Every structure is written in structure tokens, then in C-alpha cells.
1. List the pairs whose first member sits in the range 104-118 and is outside any helix (DSSP H, G or I), whose second member is hydroxyl-bearing (Ser, Thr, Tyr), and whose Cβ atoms are under 9 Å apart, counting only residues at least 6 apart or on separate chains?
2. Out of all the residues in the range 32-47, which are open to solvent by less than 10 Å² (accessible area, probe 1.4 Å) and more than 18 Å from Glu116 (Cβ to Cβ)?
3. Can you name the residue in the range 122-176 that is farther than 29 Å from Pro296 by Cβ and in a helix (DSSP H, G or I) and is also farthest from the chain's Cα centre (by Cα) among such residues?
4. Somewhere in the range 263-282, is a residue among the hydroxyl-bearing types (Ser, Thr, Tyr), at pLDDT 95 or above and under 14 Å from the mean Cα position of the chain (by Cα)?
5. Only one residue in Val28, Val81 is touching a helix residue (DSSP H, G or I) at 6+ places or on another chain (Cβ under 6 Å), in contact (Cβ under 8 Å) with a residue 40 or more places away in the chain, part of a helix (DSSP H, G or I) and not hydroxyl-bearing (Ser, Thr, Tyr), so which one is that?
6. Within the range 1-38, work out how many residues are within 17 Å of the chain's Cα centre (by Cα) and among the small types (Gly, Ala, Ser).
7. Answer yes or no: is there a residue in the range 373-394 that is modelled with pLDDT under 95, part of a helix (DSSP H, G or I), open to solvent by less than 50 Å² (accessible area, probe 1.4 Å) and within 30 Å of Arg67 (Cα to Cα).
8. Pick out the one residue from Ser65, Ser121, Ser154 that is of a type in the set (S, T, N, Q) and without any contact (Cβ under 8 Å) to a residue 60 or more places away in the chain.
Amino acid sequence: MTARLGAEEEFHVVDVESGHLVPRAAEVLGRLDRPGFTGELQQSVVESNSGVHDTLDGLWTDLASARRRLDAAAAALGLAVVAAGTVPLADIGARDVTADPRYRRMADDYRLVADEQLICSAQIHVDVPDRDTAVRAMCLVSPWLPPLLALSASSPFWLGSDTGYASWRTMLWQRWPTAGPVGCHPDAADYDRTLAELIRSGVISDAGMIYHDVRPSAHQRTLELRICDACPRVETVVLVAGLFRALVREACERLERAEGPLCDGRHDWLRAAAWRAARSGLEGDLVDPLTRCSAPAPAVLTAMLTRLRPQLEASGDWDIVHRLLKEALAAGTAANRLRRAAQTEDLLASVDLMVAETRGERRRPRLPARPRHTTARLGTLDARPHSGRSTAPTPSA
């Protein structure tokens, strides 16, 4: 049986004229039929929740439709929505936290960490048989999550500057006390005891604040991927979803066959692997999940595709995932495209490209003439060359 899947996408709300992040999510939500859309910690973020799907084609259609609805609602207000880890132009302010008791408590407890939560992610849910399987599968899929982060990397800019990273969102996200690689647990009871201890400690207030790279859903019988940036191109979300479903399927198959431990309990290297993926994206090296040595990103992902071919074929996902990965490796990360746009023109050109790709357009439209933000010029960027390749070998069939 094919495991069903779904996605949650977060979107920044920006002003069309200035390209600046604005705390107007409530206005956008007010123009939408609310089921499927909600607010987040920051008033500048809108979240979209897909339906549950058997096929990647169905997920793709759903996500594209939600993006069109969001774009239309925002455009009516002189705004646009952007699916990316960060946007280049933003201000920090505690006043922009959503007026919800839980979010207000988070803002009071975590202060600047919460104030600077001007980031967006894409999250994938995949069905699992039960919670025990979800917890045990986390160990098996965890080594392969940094390559998925590399595919999604879309946040090179922060507060008007080039960070030198492909995913600066990852660096900001990892400051939360429960963010990063998940620990190793033999079953759901052990995992839930750990969760309860964290809540009793007062470090977090509820299960929703478990921010590991992967986690069992608190409300659904799914395993949830949380490591990825929001992706300007919807096909990147679909690609990540297909690969993650295959990883979960492979993990469940291994657990069914297992007669002893499948995880060595060593997860210390995973944080370093995620840092490497956040730094370089697809344009540099990754940590190979099997050898734990440095290897070119295209080689790691091509090997991952080959490894997962049986599971992809069993789910009917091979053709679409094979094609989308080939295209992704040829095009490079969104971070690289955004950086090129900013270096060629300025940061507003990068915002324009984010908006266009979120809409499903391939060419950045010529928007009406507008004054350029003085801090958005190339002179504010770290224009040093970044290591990497502009093209990559394509996956073998």
C-alpha cells in the first residue's frame, strides 16, 4: 500500500513596491476561505496546509492551487507572498508577534530568538503504521535529511546582507532548544517520556515545540519532515516529498525485516552534516550519509536516488522524482539563483525573483518602476565567489 502524504508551506508577506517584509498576514488571511490557511508566530507569515494525497501529482496540483489563492489574496492588498527560508529586507520587532496567548508566551520566554523568527519552512507528512514505527524510523531516515535540506536551500540573505550560506534559516532555527537532529529512542513510550521531561523542565511548554529535523506528528499518524527551507518552486517541495516518502517506506521495510538494532546510536555527526548542507546547498560538498565523508552534492543525491529506486517505483514516484532531481541538479539551489539576481542588480531583484517563482513563473517579470531601497544595492553584499558548480551530472537511470 502506498503511504499517503501531505505538506505544510509557510510564506512571507512582502510589500510589492518596497520588497520589504510586512506584518500583514491577518489581512491576507481575511481575504481567504480560511480552512487550509492559518497564521504563525510572526504576523508576517501565512501557513498553507495541503490535503492528504496518494500521488505526487495530486500534491503538486494542491500546492499550486493554494499558492494561486494566496497570491490573489495578497495582490488585492498591494502585497505578495514568498516561499523562501528568509527574505532579504526585514526589520526585527517584538511588536510583530501574532496576538495569541501561546505565541505571546513564546515571545516573552525566548525574546530575541522569537523576535528573529522571520523564517519559513516546508514540512512534509508521510503516513506510518503506528507511533512506535514512527519513532524507530526516525533513526533510519535522519542521515539522509541534510541532502534534502540542500535541495531546499533558499535563504542566502538576512537583514540586507549576504550571509555566505545557502540556508541561513537553518542557522536561525537551530537556536531553539529542541531544534536539530533527533535522539535515538527504542519505542514511542521512551520518546514520549523524553518529551514529558522537556515539558516538565519548563524549557518548552508543549509537544508542538519539539522542533527536531524529523518527528512523529502529535496529532496524526505520520512522520513529519521539518529540516527544509520553504521553496520558491513548488516542484522542489514535490521532489523533497517524493524522496522523503521513499525514505520512510525504506525505513519501515527495514524495521519489518530487522532482528536486531539498526541504528548505532551515533547522531552527533548529523548536526555537522546539516551545517554543511546549510552552508553550501547543492553548490558544494555534503557529508555522505553512508561514508560520513565529504562528497559533491550531486554525487550524494544521485546515490540516494539509486538507493531509493525500489521504494520510488513501488509508490509510482520514480519517473517524476528522477526528472525533478535531474532538473534540480542542473538548475542549482534557489539560494544560488537569488544570489545571482542580487549580484546582477540588487536585493529587490532577488525579491522579484522569489515572488515570480512562488507564483510558478520562470522569468522574473518587469514590475513597475519603483525607488530602490538604499541598503539593497550590491555594495551591501558579500560579493566574494562561493564555492560550487553551476551545473551538475544528472542522475543515472
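The values are calculated or read from the model by the stated rules, or taken from the named source; none is laboratory data. Because the structure is a prediction, the values reported are computed rather than measured. Backbone-built Cβ (ideal geometry, glycine too); neighbour counts: all protein chains shown. With ligands, DNA and RNA removed, areas are computed over all heavy atoms of the protein, side chains included. Shrake-Rupley method; radii C 1.70, N 1.55, O 1.52, S 1.80 Å.
1. Every condition considered, the pairs that remain are Gln117/Tyr110; Leu118/Ser44; Leu118/Thr86.
2. Val46
3. Taking the range 122-176 as the starting set, the residues that turn out to be farther than 29 Å from Pro296 by Cβ are 125, 127-136, 159-160, 175-176.
Adding the requirement that they be in a helix (DSSP H, G or I) leaves 131-136.
Numbers: Arg131: 23, Asp132: 25, Thr133: 24, Ala134: 20, Val135: 21, Arg136: 23 Å.
Applying the filter and picking the extreme gives Asp132.
4. Going residue by residue through the range 263-282, those that are among the hydroxyl-bearing types (Ser, Thr, Tyr) are 280.
If we keep only those that are at pLDDT 95 or above too, we end up with 280.
Now restrict to residues that are under 14 Å from the mean Cα position of the chain (by Cα): none.
Within the range 263-282, not a single residue is among the hydroxyl-bearing types (Ser, Thr, Tyr), at pLDDT 95 or above and under 14 Å from the mean Cα position of the chain (by Cα).
5. Working: Val81 fails: part of a helix (DSSP H, G or I).
None of the other options fit; the residue is Val28.
6. 2
7. First pass over the range 373-394, keeping only residues modelled with pLDDT under 95: 373-394.
If we keep only those that are part of a helix (DSSP H, G or I) too, we end up with 374-376, 378-380.
Keeping just the survivors that are open to solvent by less than 50 Å² (accessible area, probe 1.4 Å) gives 376.
Imposing the further condition that a residue be within 30 Å of Arg67 (Cα to Cα) reduces the set to 376.
Yes.
8. Details: Ser121 fails: without any contact (Cβ under 8 Å) to a residue 60 or more places away in the chain; Ser154 fails: without any contact (Cβ under 8 Å) to a residue 60 or more places away in the chain.
Of the residues listed, the single one that is of a type in the set (S, T, N, Q) and without any contact (Cβ under 8 Å) to a residue 60 or more places away in the chain is Ser65.
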